[in-house]
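Values quoted throughout were computed directly from the atomic coordinates according to the rules given, and no laboratory measurement underlies them. Keep in mind that this is a model prediction, so the values were computed, not measured. With ideal geometry, Cβ positions are generated from the backbone for all residues, glycine too; neighbour counts draw on all protein chains shown.
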Amino acid sequence: SLWKNAISKPFSISNPVALHRINLILSEILLRRTKTGLMKSGEFLQNLPQKYERIKEITLSSAENDIYSALYTKSRSQFDQYLSAGAVLKNYVHVLAFILRLRQCVVHPLLLLQNQDSNITSTSS
């Protein structure tokens with residue numbers, strides 16, 4: 001087929017022509033919008049509010065701290081295994097999930113129960 005000969009085969013052997021062809025096709029299909037993109041009238045495409053960050057220090061209860069510590073210890077152990085195996089980049093999604101779970105735990109420990117992939121819902125591990 002045309003797609004196979006013009007795109008798939010050249011792409012599989014890392015031919016830069018294939019990437020150029022894909023970019024040409026996608027540039028006609030996709031519209032890339034950025035925060036600074038302007039319409040013809042000069043108005044921004046997206047009127048976003050100013051970024052607002054608030055850092056609030058909290059004190060966890062004893063039970064919350066136990067849950068957080070158990071989650072942190074398990075996450076850190078897994079991260080260290082990735083690090084020693086030189087596989088952090090291959091498992092970056094898992095590392096981001098560790099961070100997400102730690103953040104969820106600080107917001108409310110019950111948020112961990114909503115994550116079906118997490119086996120850490122108590123301090124027993």
> Between GLU64 and THR34, what length in nm is gained on full extension when 0.36 nm per residue of separation is reduced by their alpha carbon distance?
Replying inline: 6.8 nm
> Roughly how many nanometres apart are two label points built 7 Å out from the Cα toward the Cβ at LYS51 and PHE11?
Replying inline: 3.3 nm
>> Let me test this: with uniform point scatterers at the alpha carbons of the chain, what is the Debye-based log₁₀ I(q)/I(0) at q = 0.14, 0.20, 0.22 1/Å?
In response: -0.88, -1.04, -1.17
> Of PRO16, PRO109, LEU71, which is farthest along the charge dipole of the chain in the positive direction, counting Lys and Arg as +1 and Asp and Glu as -1 at C-beta?
Replying inline: PRO16
> When you count, for each residue, the other Cβ atoms within 10 Å and take the mean per peptide, how do 69-75, 90-96 rank with the highest first?
Replying inline: 69-75, 90-96
>> For the chain, what does the relative contact order come out to in percent, with C-alpha contacts under 8 Å and a separation of six or more?
In response: 18 percent
> Once the Cα atoms of helix 62-84 and of the chain are each reduced to a long axis, what angle between those two axes, in degrees from 0 to 90 to the nearest 10, is obtained?
Replying inline: 50 degrees
> Exactly which GluC sites (Glu not before Pro) in segment 1-65 are in a DSSP loop and have at most 15 other Cβ atoms within 10 Å?
Replying inline: GLU43, GLU53, GLU57
>> What is the sum of charges, Lys and Arg at +1 and Asp and Glu at -1, for the other residues whose Cβ falls under 13 Å from the Cβ of ARG21?
In response: +1
>> Can you compute the modelled spin-label distance between LEU100 and GLN81, with each label point 7 Å from Cα toward Cβ, in nm?
In response: 2.0 nm
